[in-house]
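Quick notes on the structure that follows.
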């Protein structure tokens, strides 16, 4: 499983209607750098021959776009891949975290673009303990893949 946060967004943009995810105009959007990051993720993973079976994203457009741009195929948006924070109840945040844990435990290699890195440390630990998977981090100027098997950074 590969979990990433969405690509870069303009620092002066905010989500002004987070309860209505169908209202894309009221969400933060990827900027050119964010789109380039997403494409570079796809190129790096193809170069390293990392298999991708399924692509899941949060329902925020910036995450959906981050999931589409690498070119791995159909994207499956779900509310389960976004932390609701103070906008939803703690019960709902716990339900979402549990859904992510379940996916991490059952899906061998997936690409998950989330709106937040909420739970990604937990997923990395689950994958490492199972001896499989990767966790991907996107820094300002590089894409880093860390193998849960080898515990080293691949650039």
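Values quoted throughout were computed directly from the atomic coordinates according to the rules given, and no laboratory measurement underlies them. All of these numbers come straight from a predicted model, not from anything done at the bench. Glycine also receives a Cβ, built like all others from the backbone with ideal geometry; neighbour counts cover every protein chain displayed.
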Report task. Please report the relative contact order for segment 1-102, taking Cα pairs under 8 Å with a sequence separation of at least 6, and give it as a percent rounded to a whole number. Result -> 23
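Can you figure out the FRET efficiency of residue 92 with residue 52, using R₀ = 30 Å and their beta-carbon distance, to the nearest 0.05?
Given R0 = 30 Å and the Cβ-Cβ separation, E is 0.60.
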Requested in this report: Would you please put 11-21, 63-73 in order of how densely packed they are, using the mean number of other Cβ atoms within 10 angstrom per residue and starting with the highest?
Outcome: 63-73, 11-21
Query - Convex hull volume of segment 28-103 per residue (C-alpha atoms, cubic angstrom) - result: 91
